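Please read the structure below before turning to the comments.
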């Protein structure tokens with residue numbers, strides 16, 4: 001893709017390093033915690049500011065180290081670079097299986113004392129407790145739970161077209177064709193790699209959660225030869241006709257803006273999109289609708305946002321532990337997640353205060369482990385090496401129509417086979 005439509009990663013990394021150099025490493029503001037994260041949009045910024053304000057009430061500063069990257073890829077590179085340079089921040093957004101990878105290298109602060117004092121094993125949802133542990137110890141403070149298989153739609157456009165939210169793929173196709181006749185882009189979608197892969201993993205889930213698990217969590221070689229993988233790949237490519245042309249690489253909040261302003265009618269995105277829509281003055285039951293991607297209504301494709309405390313400067317340990325304890329307090333959980341669009345990580349959460357979309361997410365996630373499906377793209381389902389390789393291959397297939405579905409299937413299968421040996425070896 002031309003550089004005019006896809007800003008190179010090196011530019012994002014250069015900007016990220018500039019931000020980190022400006023905010024970290026120096027002795028100034030030594031009483032503050034520098035926090036490396038990738039929450040950049042307006043609603044994300046508001047949610048971050050809330051945590052910083054609550055932390056300030058304990059006389060602890062928050063030095064912001066935001067790295068602009070929608071899925072955290074650039075942030076991960078910056079964090080590794082700063083670790084090697086012995087200039088690590090005090091706090092970093094480290095999600096999913098990456099927590100395990102950093103913890104086994106003794107790079108994260110053990111938060112057992114905070115977890116025990118706060119009775120996190122009883123306070124937090126069981127899946128959340130599991131996500132923040134490695135080898136029986138706690139290494140992260142969970143902030144919120146996001147759902148990925150949402151279908152957002154512009155209510156005014158749907159009313160104008162006489163449409164209801166599609167519950168099947170046939171209904172989706174008919175709705176998209178009608179919306180296109182009205183001069184509206186049916187589906188807002190970026191060609192950014194993680195966003196393409198995010199749509200793809202939802203389409204895989206539409207083939208069934210057992211198949212999704214065998215493909216991404218178990219990496220069963222037979223799953224990569226299964227016709228259901230071909231079906232998901234073919235649907236990914238067929239949906240391109242509803243995305244407008246050209247399909248540019250842009251940030252996810254740009255797609256939300258198109259949806260809010262009526263230039264696009266639907267969007268498949270994590271519920272951080274809801275937070276952005278609400279910040280623009282729209283409401284779930286008014287300006288936009290929150291449905292579920294056809295075929296995925298029984299499952300909650302999830303990501304858990306977490307902050308880990310880096311084992312960099314012992315002098316900051318007390319403040320790091322206070323931040324970890326603050327994050328899981330009911331007051332912060334409720335206020336933060338209402339802004340962010342996510343749901344709290346706590347077992348006892350006042351559902352009555354949630355909007356309809358959050359209530360549906362909460363009830364499904366709490367219905368049991370069979371409904372919970374970890375996101376590949378957001379590092380919940382598999383290790384980062386495999387995740388990155390799958391994202392790159394799916395992105396290549398999406399952009400290059402000359403690449404056949406069978407060829408893409410073979411390449412994805414090769415990725416799984418190549419990495420299966422290391423996955424099966426026990427962690428030391």
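The values are calculated or read from the model by the stated rules, or taken from the named source; none is laboratory data. As the structure is a computational prediction, the values presented were derived from the model and not from experiment. Virtual Cβ from ideal backbone geometry, glycine too; neighbours counted across all protein chains shown.
Some observations on this one:
- Residue 112 vs. criteria touching a strand residue (DSSP E or B) at 6+ places or on another chain (Cβ under 9 Å) and over 19 Å from residue 35 (Cα atoms): yes
- Verdict on residue 145 being part of a helix (DSSP H, G or I) and either out of contact with any helix residue (DSSP H, G or I) (no Cβ under 9 Å at 6 or more places or on another chain) or within 30 Å of residue 191 (Cα to Cα) (or both): no
- Any hit, the stretch 300-320, residues being within 25 Å of residue 161 (Cβ to Cβ) and either more than 20 Å from the chain's Cα centre (by Cα) or assigned to a loop (DSSP other than H, G, I, E, B) (or both): no
- Of all residues in the stretch 32-67, those that are over 21 Å from the mean Cα position of the chain (by Cα) and in contact (Cβ under 8 Å) with a residue 60 or more places away in the chain total 5.
- If you go through the stretch 48-60 and keep only what is in contact with a helix residue (DSSP H, G or I) (Cβ under 8 Å, 6 or more places away or on another chain) and surrounded by 15 or more Cβ atoms within 10 Å (Cβ to Cβ), you end up with 50, 51, 54, 55, 60.
- Residue within the stretch 301-311 that is surrounded by 24 or more Cβ atoms within 10 Å (Cβ to Cβ) and under 21 Å from residue 236 (Cα atoms) present: yes
- Hits in the stretch 330-371 (condition: outside any helix (DSSP H, G or I) and surrounded by 15 or more Cβ atoms within 10 Å (Cβ to Cβ)): 341, 342, 343, 344, 345, 346, 349, 354, 355, 366
- Residues that are crowded, with 20+ Cβ neighbours inside 10 Å and farther than 20 Å from residue 302 by Cβ within the stretch 313-329 comprise 316, 319, 320, 323, 324, listed in sequence order.
- Residue 385 meets the conditions (1) assigned to a helix (DSSP H, G or I); (2) crowded, with 17+ Cβ neighbours inside 10 Å in every case but one. The failed one is (2).
- Restricting attention to the stretch 280-291 and to residues that are surrounded by fewer than 24 Cβ atoms within 10 Å (Cβ to Cβ) and modelled with pLDDT of 95 or more, the residue that is farthest from residue 149 (Cα to Cα) turns out to be 289.
- Residue within the stretch 176-183 that is without any contact (Cβ under 8 Å) to a residue 24 or more places away in the chain and surrounded by 16 or more Cβ atoms within 10 Å (Cβ to Cβ) present: yes
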